[in-house]
Structure formats: structure tokens, C-alpha cells
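Taking it in order: structure first as C-alpha cells, then the write-up.
The numbers here are math on the coordinates, done by the rules we state, and not lab data. Everything numeric here is computed off the predicted structure, so don't read it as measured data. Because the Cβ atoms are built from the backbone with ideal geometry, glycine has one as well, and the counts that use them run over all protein chains shown.
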Amino acid sequence: MSPRERGSRCSAPDELKRLVPGGYIRLQFADPNGLDAAARTLGGAARSEQSLVLTVPGDGSVASLQGLLQRLDAESIAVAGLTVHTPDLDDVFLALTGSDATRQESTP
């Protein structure tokens, strides 16, 4: 029996992905000073000194991205590049089922 036949509501993949935590924004900087300033401004972000990258948790929404960029702009911090990463459907599956489809539990 399909989820529709059981009365469950099927959602579009993008809608499901927004429900799962784990998204982030990857900010690339041209120099260590920009990286340091952004890390101080944003706090709680993972940083890579070698690649001059700051990884900031985010939900992938436009409002979240705008807020982050406004905070950087208010401090005159230049970003060389950015990418927005959202959870994939594997992440959704694991979050909703709490299990890994490739792992079979066996009973002795």
C-alpha cells in the first residue's frame, strides 16, 4: 500500500529537504584577515585556515542567506565566493526513519 493509500501526505523533495537540519553556507575568503573578521562576526562557524573557508550552519532559505550577508556587509567584510548546501534525500530518509537502509539488523 502506498503512502497516499494509507492517507499520508506526500511532499515534494525540496519541501522534505527543508525539514531536515544539516544545511550550511560555505564562505570563501581572499585572505586570512577576511576569514578572521567573518569568524568573529558570525561565531559558531567551522573554519579552515588552509583553504580560507568558513562553514556556517543554515537552513538554505533566502532570508537566512540575506541575513548572513547583511551581517558581513555591516562589518565591511568581503566574501570571495559562497555556496549554499542543503540536505539531500539520503539525509531526509535517515532523519525520517532513523535508520540506514543498507544496514540490516539481524537477530541471533
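Evaluated with a Cβ-only charge set (Lys, Arg +1; Asp, Glu -1), the stretch 25-97 carries a dipole of roughly 160 debye about its Cα centre, given to the nearest 20.
Efficiency by 1/(1 + (r/R0)^6): what FRET value for ASP31 and SER64, r their Cβ-Cβ distance, R0 = 25 Å, to the nearest 0.05?
Values: r = 26 Å, r/R0 = 1.02.
With R0 = 25 Å, the Cβ-Cβ based efficiency is 0.45.
The alpha carbons of the stretch 25-97 give a radius of gyration and a Dmax of 13.5, 44 Å, in that order.
Could you put SER48, SER64 in order, starting from the residue whose Cβ has the fewest other Cβ atoms within 10 Å?
On the way: SER48 12, SER64 16.
Final ranking by Cβ density, sparse to dense: SER48, SER64.
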